[in-house]
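**Q** Sharing a structure with you now.
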Amino acid sequence: MASIRRTLSPYQDRSHQNGGNTSPFALNSPSHKHNSTTRFASPLSTFRFIGGDKHIPARKGYRTWRKSIYSCMLFFIIGFLLGLAPFGEVEDVRSRDFSFEVNRPPTLDVKEDIVIDKVELAVEKRENVKERFDYVARKQIIVVTPTYNRALQAFYLNRLGQVLRLVPPPVLWIVVEMNVASTETADILRGMGIMYRHLVCAKNLTNIKDRGVHQRNRALEHIEHHKLDGIVYFADDDNVYSLQLFEAMRDISRFGTWPVAMLAQSKNKATLEGPVCNGSQVIGWHTNEKSKRLRRFHVDMSGFAFNSTILWDPKRWKKPSSASIRQLDTVKEGFQETTFIEQLVEDESQMEATPLGCSKIMNWHLHLEAHDLGYPKGWLLQKNLDVVLSIE
Ligand code: UGA
Ligand code: MN
């Protein structure tokens, strides 16, 4: 029976001239009836059938046909090689080893000197930025706010939170509640977009008067324990604060104070409470109510701020006593501020007028509270406000 020998490329023939089946791609085909073998002979995947040549009947023009096949294959290979080369780079094509592209994984042609250049450029840029903006780290402001659930709480916390959000960072808002962290407060804090800590003061108190005091003390404990570094400010939730106030606070070194505009408890007059200043010095006090005349320092709870390191590193400030600095629940109403400040400074010489000359009113202590009213009915249905409105 006839078997056919087809050699498609003289180049491939040379690589297998010993007739050995050395290619890892060689396939033997036992099913071939005529003892023929199908072989993928090279990475370029030419193939041939091998069998007994003597069985091929001589045909006219066989040689011419073979020649033209050879020529075709030769042109095909040359065309293929030229096709791989980019235009105008014929020399590169000639020097290329094509077996590399098939048998070995491609490797990156990395020019090390170029990579190093790029790294140096990046470093140079960073230094330039530093020089141009003359970066100075800002002091952290630690705002302490006692709060509790009542009708206007969301209004107050949102108003204060939105001011704090406008203060350039770092600002930490420590919000303290009594006994339990309420969902209402947590919700407001979560959506505010500022750094905060929601703390709970666990104390069984019957006297509502002192709650704020204990809640602030819980925050002081936290600051002391974690050695938080910054300027501490007691901001009751219901007061009104300007951005200027927080800017001015960043200039405080040890203890800063300023006058606060107040609406009297009777709501029939507005007064100032706080220092009278000359430049950076505190030289006197605005006093109002007769019952409070005996106070050493006439400062409102929202009229001073101090360096947190006094709480956990008193030696730095040459403070003799190392007892914890806390607000007192044992003192007469209206004396919490002065008895607390007496633990921070010895006298006015250790105080800083904020800003110079105490020339601005930066916050307002009002008494607009409706103590006994709770949140409106339906407040907690947060998922779908439309539904709440339609029920109402
Ligand atoms: C009065 C006095 O005028 C202040 O001198 C005193 O420091 C303050 O109370 C206080 O108790 O700490 P007032 O504005 O009348 O100030 O007090 P509130 O505004 O009713 O409360 C002060 C802060 O404590 C607020 O942030 C308020 O939310 C919070 N608070 C009050 C609670 O967290 N729980 C309460 O039960 C009451
Ligand atoms: Mn208040």
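The values are calculated or read from the model by the stated rules, or taken from the named source; none is laboratory data. For clarity, every value in this text was computed on a predicted model and none was experimentally measured. Because the Cβ atoms are built from the backbone with ideal geometry, glycine has one as well, and the counts that use them run over all protein chains shown.
**Q** Going through VAL213, VAL144 one at a time, which residue ends up being closer than 25 Å to ASN363 by Cβ, within 25 Å of the chain's Cα centre (by Cα) and buried (at least 19 other Cβ atoms within 10 Å of the Cβ)?
**A** Every option except VAL144 fails the conditions.
**Q** Further, regarding this structure: Does LYS139 satisfy the criteria of being charged (D, E, K, R) and modelled with pLDDT of 95 or more?
**A** It is true that LYS139 is charged (D, E, K, R) and modelled with pLDDT of 95 or more.
**Q** Now, a different point. Before we move on, is ILE283 within 28 Å of GLU224 (Cα to Cα), more than 16 Å from ligand 2 (Cβ to nearest atom) and in contact (Cβ under 8 Å) with a residue 24 or more places away in the chain?
**A** In short, no.
**Q** Separate question: So, in the range 269-280, how many residues would count as being crowded, with 22+ Cβ neighbours inside 10 Å, under 25 Å from GLN140 (Cα atoms) and more than 16 Å from ligand 1 (Cβ to nearest atom)?
**A** 1
**Q** Out of the residues in the range 287-332 that are among the polar types (S, T, N, Q), assigned to a loop (DSSP other than H, G, I, E, B) and within 33 Å of the chain's Cα centre (by Cα), which is farthest from ligand 1 (Cβ to nearest atom)?
**A** SER308
**Q** State the number of residues belonging to the range 183-203 that are within 16 Å of ligand 1 (Cβ to nearest atom) and either of a type in the set (Phe, Trp, Tyr) or free of Cβ contacts under 8 Å to residues at least 24 places away in the same chain (or both).
**A** 4
**Q** Within the range 349-373, can you find the residues that are away from ligand 2 (no atom under 16 Å from the Cβ) and surrounded by fewer than 18 Cβ atoms within 10 Å (Cβ to Cβ)?
**A** Within the range 349-373, SER349, GLN350, LEU356, GLY357, SER359, LYS360, ILE361 qualify.
**Q** All but one of (1) closer than 23 Å to TRP258 by Cβ; (2) of a type outside the set (D, E, K, R); (3) within 15 Å of ligand 1 (Cβ to nearest atom) hold for LEU373; which doesn't?
**A** Against the list (1) closer than 23 Å to TRP258 by Cβ; (2) of a type outside the set (D, E, K, R); (3) within 15 Å of ligand 1 (Cβ to nearest atom), LEU373 comes up short only on (1).
**Q** Which members of the range 202-227 meet the condition of being at pLDDT 95 or above and not in a helix (DSSP H, G or I)?
**A** HIS226, LYS227
**Q** Also, I was wondering about something else. ASP237: under 18 Å from ARG138 (Cβ atoms) and not in a strand (DSSP E or B), yes or no?
**A** The answer is no for ASP237.
**Q** Looking for whichever is among the hydroxyl-bearing types (Ser, Thr, Tyr), surrounded by fewer than 21 Cβ atoms within 10 Å (Cβ to Cβ) and under 29 Å from THR309 (Cα atoms) here; the options are SER291, SER253, SER266. Which one fits?
**A** The unique qualifying residue is SER253.
**Q** Out of the range 152-201, which residues are in a loop (DSSP other than H, G, I, E, B), among the polar types (S, T, N, Q) and over 19 Å from ASP238 (Cβ atoms)?
**A** ASN179, the sole residue that qualifies.
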